[in-house]
Structures are given as structure tokens and as C-alpha cells.
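In what follows, a single structure is set out as C-alpha cells and then discussed.
Laboratory data are not the source of any read-out in this text; all were calculated from the coordinates shown. Predicted model only: the values in this text are computed from it and were never measured. Virtual Cβ from ideal backbone geometry, glycine too; neighbours counted across all protein chains shown.
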Amino acid sequence: MANLVQNELCGLRSATVIDGRLELVLNNTLAAIEDGRRRVVEFLSSEPLGEVARHRLEMVFEELVSNIIRHGFTRNSGQSIHVRVARRPGLVEFLFEDDGIPFNPLEAAPPAAFQSIETAKLGGLGIALVTKSSTHLDYERLTPDAGGLGFSPCNRLAVSVAT
């Protein structure tokens with residue numbers, strides 16, 4: 001897969017396969033969810049995946065990218081998400097890095113159970129779904145390189161999903 005660079009109105013800045021892993025740079029736009037998801041599915045299509053595993057991988061990717069964009073970034077800030085995707089025997093590993101607001105999903109409170117459909121609150125289930133669908137989840141808060149040039153991530157989230 002060749003390097004692809006699009007304008008910042010798209011969700012995808014670049015997609016490259018290096019040493020057998022997919023490396024994405026996503027914009028701070030909701031278009032990044034679908035543009036990135038399509039690239040992940042394309043990358044993973046080289047080897048057969050069951051429907052359940054494919055759905056689980058797509059959901060994990062979509063939920064995490066969506067949360068970073070909606071809750072970690074200032075709108076129209078030009079911030080980005082760097083994602084690495086690698087296949088290993090029996091699993092897919094994702095590494096998400098961003099320069100947004102610190103947030104450790106491992107410390108998030110579990111969603112409250114709803115008592116009835118009338119009182120159910122929309123949203124707030126993404127992290128619980130990702131946690132349940134993952135075999136490994138690890139968060140690291142990074143110290144940004146203040147004097148560096150280019151991307152300096154603050155958050156790193158490693159996620160493994162069984163295939």
C-alpha cells in the first residue's frame with residue numbers, strides 16, 4: 001500500500017505499510033473514523049478473518065478513534081492520531097498515539113446500568129465495549145517533546161484483539 005496524503009478536510013493524512021504493519025496518520029475530523037476504518041479493513045484482508053473477529057476489530061478501532069476526536073482534541077486544532085496496526089498469530093495489535101488531552105481509559109468508571117429504556121442514557125458504553133472486546137489494553141501518558149519538531153504524542157494506548 002503506497003503512502004497516501006490527502007487534504008485536511010479528509011480524515012486520512014497518510015497510510016503506509018512498513019515492515020508488515022499499517023501506519024496511519026488521521027486528522028482531527030470525524031471523517032477519520034471511516035477513512036481509517038476502511039484502511040484497516042483493507043490491510044487486514046490479506047488473510048481471512050471471521051465475521052465476528054472483523055466486526056470486533058472495526059468496533060474497537062471506531063470507538064477509540066471517535067473518543068480521541070470527540071473528547072481529546074480541541075475542534076479544528078490540527079491535532080492528529082497516529083495508529084499502527086500489526087497482525088500477530090491469533091490477534092491484531094493496535095497502537096494509538098495522540099497529542100490530545102490526557103485520558104486513561106483504564107481508569108474510567110464503568111457505565112451505570114439503566115433501569116428502563118425510558119431512562120437509558122445514550123453513549124458512554126464505548127470504553128466498556130473496547131475493554132470487553134480486547135485481550136490486552138495498556139495506557140501510557142507520555143511527556144511531550146516541547147522542543148521537538150513535528151508530532152509529539154501525549155497519549156499512547158496499546159490494544160490487542162483476538163482474531
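Quick check on the chain: take the gyration tensor over C-alpha atoms, sort the square-rooted eigenvalues as a ≥ b ≥ c, and tell me if it's rounded (a/c under 1.5), prolate or oblate.
Oblate, since a/c reaches 1.5 and b/c is not below a/b.
If I model a spin label as a point 7 Å beyond the Cα along the Cα-Cβ vector, how far apart are those points for residue 16 and residue 129 in nm?
Rounded to a tenth, the inter-label distance reads 3.2 nm.
Long-range amide H contacts for residue 142: which residues qualify at under 5 Å (H placed 1.01 Å from N, peptide plane, sequence gap of 5 or more or a different chain)?
When sequence neighbours closer than 5 places are left aside, the close amide H contacts are 155, 156.
Before anything else, pin down the relative contact order of the stretch 12-162: Cα pairs under 8 Å, at least 6 apart, normalised by residue count, whole percent.
Rounded, it is 24 percent for the stretch 12-162.
Would you please give the residues with an amide H less than 5 Å from that of residue 91, counting only those at least 5 places away or on a separate chain, with H modeled from the backbone geometry?
Here the answer is 163, since their amide H atoms fall under 5 Å of that of residue 91.
Amide H neighbours of residue 14 under 5 Å, at least 5 residues apart or on other chains, H built in the peptide plane: list them.
Here the answer is 25, since their amide H atoms fall under 5 Å of that of residue 14.
Just in the stretch 1-104: which trypsin sites (Lys or Arg not before Pro) are loop by DSSP and have at most 15 other Cβ atoms within 10 Å?
Values: sites: 13, 21, 37, 38, 39, 54, 56, 70, 75, 84, 87; in loops: 75.
Listed in order of number, the matching sites are 75.
Which of 53, 128, 108 moves the most in a Gaussian network model of the chain with Cα springs under 10 Å?
Judging by the Gaussian network model, the answer is 108.
Would you kindly state how much longer the chain becomes between residue 46 and residue 162 on full extension, computed as 0.36 nm times their sequence separation minus their alpha carbon distance, in nm to one decimal?
On the way: separation 116, 0.36 × 116 = 41.76 nm, distance 1.66 nm.
Difference between extended and current length: 40.1 nm.
Could you run the Karplus curve 6.51 cos²θ - 1.76 cosθ + 1.60 with θ = phi - 60° over the stretch 59-72 and give me ³J(HN,Hα) per residue in whole Hz, x for Gly and Pro?
The phi angles translate into 4, 4, 4, 4, 5, 6, 5, 4, 5, 4, 5, 6, 10, x Hz.
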